[in-house]
Amino acid sequence: QRTARIPDALAWGQGWTLERALERTGMKQRSYKEFVCCLYGSWAKSAKTTIYVKTDGTDEMARAMMYLTYVSLPYSMRTKLTASTFPDAKNVTMVLTHELPDGCRYFDPSNGMNNVLTTNQRKRWEKMPFVTMLFDDDGPRFDDLERQLDEMGDRYSQDITTLETACQFSQDGAEADPVDQLYNFLDIRQD
């Protein structure tokens with residue numbers, strides 16, 4: 001009798017898609033782009049900070065935000081993600097919560113408001129090819145990016161300059177300036 005009925009929380013549900021997750025969170029494409037820039041803006045610093053994402057308090061919205069987060073990050077960056085639904089969680093990169101603590105770095109999916117990005121930071125991230133590829137008609141080409149990182153000797157790189165260079169190399173070279181590519185490649189930190 002105890003196992004006759006699967007608890008609702010464990011029952012198989014409809015799979016997530018980008019459209020379904022955006023609809024569930026109430027985000028439009030512009031807010032989603034802002035969210036992705038906030039992720040990079042929060043994690044790319046030398047001192048990693050937690051970003052609080054305002055939710056409606058439901059598990060479904062938290063799952064939708066997690067889906068949107070994972071599909072927006074290159075594989076090597078996904079290992080940076082640790083998440084919690086507890087507002088006072090320690091050592092996590094993202095907290096999904098209905099109540100935002102005072103003074104926290106936050107993002108609100110319902111309207112795209114945040115206190116993570118400055119105007120200059122937003123412009124910087126919107127120019128990064130591994131960020132903008134997510135919003136191309138073809139969608140993200142993270143497999144190509146990972147292959148290029150592997151050819152460059154570090155498939156698991158989380159270095160922003162390395163990701164930018166690998167992305168430029170993996171794209172059709174007609175768009176990129178070879179001098180800029182070489183300069184970026186030479187600027188990559190080496191062990």
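The values are calculated or read from the model by the stated rules, or taken from the named source; none is laboratory data. Fair warning: this is a prediction, and the values are worked out from it, not measured in the lab. So basically every Cβ, Gly included, is an ideal-geometry build from the backbone, and we count neighbours across all protein chains shown.
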*Which one is farthest from the chain's Cα centre (by Cα) among residues in region 119-158 that are surrounded by fewer than 16 Cβ atoms within 10 Å (Cβ to Cβ) and of a type in the set (S, T, Y)?*
T119
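Per-residue answers, yes or no, for (1) surrounded by fewer than 17 Cβ atoms within 10 Å (Cβ to Cβ); (2) hydroxyl-bearing (S, T, Y); (3) more than 27 Å from S157 (Cα to Cα); (4) touching a residue at least 60 places away in the same chain (Cβ under 8 Å):
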position	(1), (2), (3), (4)
M66	no, no, no, no
Y75	yes, yes, no, yes
R78	yes, no, no, no
A89	yes, no, no, no
D102	yes, no, yes, no
N114	no, no, yes, yes
L117	no, no, no, yes
*Filter region 18-45 down to the residues that are within 22 Å of S84 (Cα to Cα) and in a loop (DSSP other than H, G, I, E, B), then identify the one that is modelled with the lowest pLDDT.*
K45
_In region 124-139, the residues that are in contact with a Cys (Cβ under 6 Å, 6 or more places away or on another chain) and either aromatic (F, W, Y) or on the phi > 0 side of the Ramachandran plot (or both)_ = W125, F130
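Could you tell me which residue of region 98-118 is farthest from E164 (Cα to Cα), considering only residues that are hydrophobic (A, V, I, L, M, F, W, C) and under 15 Å from the mean Cα position of the chain (by Cα)?
F107
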*Of all residues making up region 119-150, the number that are free of Cβ contacts under 8 Å to residues at least 12 places away in the same chain and charged (D, E, K, R)*: 8
